[in-house]
Amino acid sequence: MSVPSVTLCDNVKMPVLGYGTWQAKDDELEQAVEAALEAGYRHIDTAHVYENEKVIGKVLSKWFSSGKLKRQDIFLVTKLPPGGNRPESVPKYLKRSLELLQVEYVDLYLVHVPFGFKDVEGDLHPRTPEGLIDMDTETDHVALWKAMEAQVDAGLTKAIGISNFNKNQIEKILENARIPPCNLQVELHAYLQQKDLVEFCKKNKIVVTAYSPLGSPGLAKFMAQFGRTIDLPDILNNPVVQTIATKHKKTEAQIVLRHAIQKDIVVIPKSTNPKRLRENISIFDFRLDDSEMKQLNDLDQGLRILNFMIFQGIQNHPEYPFKAEIGKL
Ligand SMILES: NC(=O)C1=CN([C@@H]2O[C@H](COP(=O)(O)OP(=O)(O)OC[C@H]3O[C@@H](n4cnc5c(N)ncnc54)[C@H](OP(=O)(O)O)[C@@H]3O)[C@@H](O)[C@H]2O)C=CC1
Ligand SMILES: O=C1CO[C@H](CO)[C@@H](O)[C@@H]1O
C-alpha cells in the first residue's frame with residue numbers, strides 16, 4: 001500500500017499516515033515495526049520519552065543495511081522530552097535520539113510539550129519529595145525555538161515543529177521565528193476535532209498531525225498501571241461511525257482515519273497487532289461523501305482525553321496549554 005504525502009516547509013514530503021509507537025516497547029515493537037514497514041508504512045512517530053527509539057533504530061538499520069530501504073524513503077519523527085525544554089538541552093537530546101535511532105538526521109523534530117521539567121539524568125519524569133512533577137517553570141519558548149532552528153542549520157533535522165501547544169503559544173513562536181514551525185502534533189479524533197486550531201494552522205501553513213486518532217482505546221489499560229482510572233470514550237463503537245463503516249465495508253477505525261485524512265490532517269495510529277496495523281493503512285481505496293463527512297464532523301464534542309494531569313501539579317506550570325479547559329478536566 002502506498003501512502004500519499006503532504007509537503008511541509010522547504011519541500012520536505014511527509015506521508016499523510018504514519019506509524020504511532022507510544023506504549024510499545026522491545027520485542028513486541030520490533031516485530032510490529034517490521035510488519036509496519038512490510039505493510040508500507042514509511043512515516044514513524046516516536047519520542048525520547050517513549051523509550052523505544054533503540055528498537056526502532058535496530059529495525060531501520062537492518063532495513064537500510066540490507067538495501068530494502070534507503071534512509072530517504074523513511075520519514076522519521078521524534079520529540080524533545082519535557083526535561084529538555086531549555087535551549088542548552090536541545091542539542092544533547094537530539095544527539096541522543098539520533099544515536100538511538102542510528103540515523104544522521106531525523107525528518108521532523110518536535111518540542112513534545114510546551115511545559116518543562118527539571119533535567120534529571122536517568123529520570124524523564126522527576127518528582128518532588130511531595131510526589132508532584134518536578135517542573136522547570138522558567139520555560140522560554142522563544143529561546144527554545146532558536147535552539148530548535150539551530151538543529152535545522154546543523155542538518156540534524158529536516159524540519160521542526162511543536163506538539164501540544166495552544167494557539168497563543170504557537171502565535172508567540174511564529175512572531176519570533178526565523179524558521180517557522182511547519183507541523184503541530186495534537187490530540188485529534190472524532191470527539192475532539194480542534195476546528196479553530198486546524199483553521200489557524202492552515203492559515204499559517206502548519207500541517208496538523210492527529211495523535212490518538214482512534215481515541216486511544218488502549219489508554220485505560222495503560223493508565224491502570226499507574227493506579228489511575230479514566231473514563232474513556234468509545235469512538236469506534238459510535239453508531240454513526242458503525243453505520244458508515246458497514247456501508248463502505250470498512251472497519252470503524254478505517255472510517256475515523258479516513259475522515260481526518262479527507263480534512264488534510266495527518267494521522268499516526270498505533271498498533272502492534274499486524275492485522276490491525278495493515279487495516280489502518282488500507283484507507284486510500286475509498287472516499288467518504290459530503291453527507292458522511294458532515295455526519296462525522298457533527299460528532300465533535302470538544303472532548304480531550306490526554307490532558308497531562310498524570311503529571312501531578314502540571315496545571316500550575318505557566319505554560320500548561322489547557323488552562324482554559326481546567327474547569328472541564
Ligand atoms: N505528541 C504527543 O503528546 C502524543 C503523541 N502520540 C502519538 O500518536 C500515536 C497514536 O496515539 P495513541 O494514543 O497511541 O492512540 P490511537 O488512537 O492510535 O490508538 C491506539 C490503540 O488503538 C488500538 N488499535 C489500533 N488499531 C486499531 C484498530 N484498527 N481497531 C481497533 N483498535 C485498534 C491499539 O491496540 P493494538 O496495538 O493492540 O492494536 C491501541 O490500543 C502514539 O502511538 C504516538 O506515536 C500519542 C499521544 C500523545
Ligand atoms: O506522547 C505522550 C503521550 O502521553 C503521555 C502521558 O500523558 C506523555 O508522556 C506523552 O506526551
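Every number in this text was worked out from the coordinates using simple rules, so none of it is lab data. Keep in mind the model is a prediction, meaning the values are calculated, not measured. All Cβ positions, glycine included, derive from the backbone under ideal geometry; neighbour counts span all protein chains shown.
The table that follows gives values for the structure above.
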{"read-out": "Any hit, the stretch 25-47, residues being outside any loop (DSSP other than H, G, I, E, B), touching a residue at least 40 places away in the same chain (Cβ under 8 Å), within 19 Å of ASN164 (Cβ to Cβ) and out of contact with any Gly (no Cβ under 8 Å at 6 or more places or on another chain)", "value": "no"}
{"read-out": "Looking only at the stretch 78-90, and only at residues there that are out of contact with any helix residue (DSSP H, G or I) (no Cβ under 7 Å at 6 or more places or on another chain) and within 17 Å of ALA154 (Cα to Cα), the one that is surrounded by the most Cβ atoms within 10 Å (Cβ to Cβ)", "value": "SER89"}
{"read-out": "Any hit, the stretch 5-21, residues being surrounded by fewer than 22 Cβ atoms within 10 Å (Cβ to Cβ) and closer than 24 Å to PHE308 by Cα", "value": "no"}
{"read-out": "Meets criteria (more than 16 Å from ligand 2 (Cβ to nearest atom) and surrounded by 14 or more Cβ atoms within 10 Å (Cβ to Cβ)) for LEU306", "value": "no"}
{"read-out": "Count of residues meeting criterion [on the phi > 0 side of the Ramachandran plot and more than 16 Å from ligand 2 (Cβ to nearest atom)] in the stretch 210-257", "value": "1"}
{"read-out": "Qualifying residue in the stretch 37-53 (condition: away from ligand 1 (no atom under 16 Å from the Cβ) and among the basic types (Lys, Arg))", "value": "no"}
{"read-out": "Of all residues making up the stretch 277-303, the number that are away from ligand 1 (no atom under 16 Å from the Cβ), surrounded by 13 or more Cβ atoms within 10 Å (Cβ to Cβ) and without any contact (Cβ under 8 Å) to a residue 40 or more places away in the chain", "value": "1"}
{"read-out": "Of all residues in the stretch 8-24 being within 17 Å of the chain's Cα centre (by Cα) and not in a strand (DSSP E or B), the one that is nearest to ILE179 (Cα to Cα)", "value": "LEU8"}
{"read-out": "Matching helices (runs of 4 or more DSSP H) fully within the stretch 248-323 where at least 1 residues are β-branched (Val, Ile, Thr)", "value": "252-261, 274-281"}
{"read-out": "Subset of the stretch 108-135 that is crowded, with 20+ Cβ neighbours inside 10 Å and not in a loop (DSSP other than H, G, I, E, B) - its residue that is nearest to ligand 1 (Cβ to nearest atom)", "value": "LEU110"}
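Conditions (1) in contact with a helix residue (DSSP H, G or I) (Cβ under 9 Å, 6 or more places away or on another chain); (2) of a type in the set (S, T, N, Q); (3) under 20 Å from LEU8 (Cα atoms), marked per residue:
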| residue | (1), (2), (3) |
| --- | --- |
| SER163 | no, yes, yes |
| LEU192 | no, no, no |
| TYR211 | no, no, yes |
| THR251 | yes, yes, no |
